[in-house]
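The values are calculated or read from the model by the stated rules, or taken from the named source; none is laboratory data. A quick note: this is a predicted structure, and the numbers were derived from the prediction, not measured. Cβ: placed from backbone, ideal geometry, glycine included. Neighbour counts: every protein chain shown. SASA here: full protein model, heavy atoms, side chains in, ligands and nucleic acids out. Shrake-Rupley method; radii C 1.70, N 1.55, O 1.52, S 1.80 Å.
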Amino acid sequence: MKKITLLLLVSISLVTISCSKDKDLTTPVPKEKVQPTPTPKDKGGTTTGAKDKGSSTPTQSVDKKAQEEMLKEINFLRTNPRSYAEKRLKAYYNKKRDNGAYKELRNSKPVGSLKLNTQMVASAENYADVMAKQNRIGHSFGGNPGERLKKFGYKWRGCGENVACGTYSYFNIELDAKEAAIRYVIGYVIDEGVASLGHRKNLLNKAWTEVGVGFGKNGRMFFNAQQFGVR
């Protein structure tokens with residue numbers, strides 16, 4: 001329980017965006033702002049735009065394992081929100097740190113599970129690596145999410161994206177892919193400090209049918225990109 005309690009105390013930054021050709025598929029979010037990658041030492045100070053020779057992409061086997069674990073966690077949330085709330089968020093709710101997620105999920109109806117799409121996975125992997133190399137998160141590096149998905153051959157009718165970064169062992173997919181996936185998704189669901197709750201809405205959007213997941217690494221910082229879509 002101590003490690004779970006520390007989830008939102010260690011460095012994790014989140015950004016969300018949605019794009020759609022159909023108005024009913026969009027997840028309303030505020031205009032995206034690129035956020036710096038914070039660390040406990042500088043508390044979000046000077047890493048924006050910094051490039052680091054230590055950036056790398058996790059090995060294929062590690063990446064695949066982490067993708068599978070995150071897909072399981074996303075689908076657990078989507079298909080059984082009440083159970084997810086009890087198992088993943090009760091401790092946060094008891095400490096009043098769930099940002100309203102516990103009660104919302106207990107009263108939410110299940111939505112369809114997502115499938116990994118190879119084109120979306122390739123796009124997410126590429127973008128997570130781009131963020132790692134730049135050592136910052138945002139949605140506009142090399143085009144917006146919709147443009148990047150099309151570049152990898154995914155012809156979407158609606159699409160969305162969540163990105164995050166986190167440090168220490170809590171988000172280390174190489175150390176424990178399952179636990180890292182659980183903590184990433186909890187962070188997105190609680191969506192602390194995000195008035196629109198855009199990450200939570202993207203994860204629970206019933207319109208989505210497919211997802212791509214990618215990870216990147218820069219030193220001790222891990223980057224995650226989730227790309228959602230429907231064709």
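Observations on the structure shown:
- Residue in the stretch 203-210 that is open to solvent by 10 Å² or more (accessible area, probe 1.4 Å), among the hydroxyl-bearing types (Ser, Thr, Tyr) and more than 26 Å from LYS109 (Cβ to Cβ) present: no
- Breaking point among (1) more than 19 Å from TYR84 (Cα to Cα); (2) touching a residue at least 40 places away in the same chain (Cβ under 8 Å), for TYR188: (1)
- Residue tally, condition more than 18 Å from the chain's Cα centre (by Cα), surrounded by 15 or more Cβ atoms within 10 Å (Cβ to Cβ) and assigned to a helix (DSSP H, G or I), over the stretch 92-104: 4
- For GLU174, the criteria (1) farther than 15 Å from PHE76 by Cβ; (2) buried (at least 24 other Cβ atoms within 10 Å of the Cβ) hold in every case but one, which is (2).
- Filter result for the condition that a residue is at pLDDT 95 or above and within 18 Å of ALA225 (Cβ to Cβ), over LYS96, LYS90, LYS64, LYS72: LYS72
- All positions within the stretch 136-150 that are at pLDDT 95 or above and either on the phi > 0 side of the Ramachandran plot or in contact with a Ser or Thr (Cβ under 7 Å, 6 or more places away or on another chain) (or both): ARG148, LEU149
- Top-ranked residue in the stretch 129-140 [being assigned to a loop (DSSP other than H, G, I, E, B) and out of contact with any Pro (no Cβ under 8 Å at 6 or more places or on another chain); ranked as farthest from ALA207 (Cα to Cα)]: ASN135
- For the stretch 116-128, the condition holds for no residue, the condition being that it is open to solvent by 20 Å² or more (accessible area, probe 1.4 Å) and part of a loop (DSSP other than H, G, I, E, B).
- Residue pairs whose Cβ atoms lie under 8 Å apart, separated by 6 or more positions or on different chains, with the first residue in the stretch 206-218 and more than 22 Å from VAL230 (Cα to Cα) and the second of a type in the set (Lys, Arg), are GLY216/LYS133; ASN218/LYS133.
- Taken as a whole, the structure places GLU161 among residues that are surrounded by 24 or more Cβ atoms within 10 Å (Cβ to Cβ) and charged (D, E, K, R).
- Residue match in the stretch 183-203 (condition: of a type in the set (Phe, Trp, Tyr) and out of contact with any Phe, Trp or Tyr (no Cβ under 7 Å at 6 or more places or on another chain)): yes
- The residues on offer are SER140, SER169, SER83, SER108, and the sole one that is among the polar types (S, T, N, Q), out of contact with any helix residue (DSSP H, G or I) (no Cβ under 6 Å at 6 or more places or on another chain) and in contact (Cβ under 8 Å) with a residue 40 or more places away in the chain is SER140.
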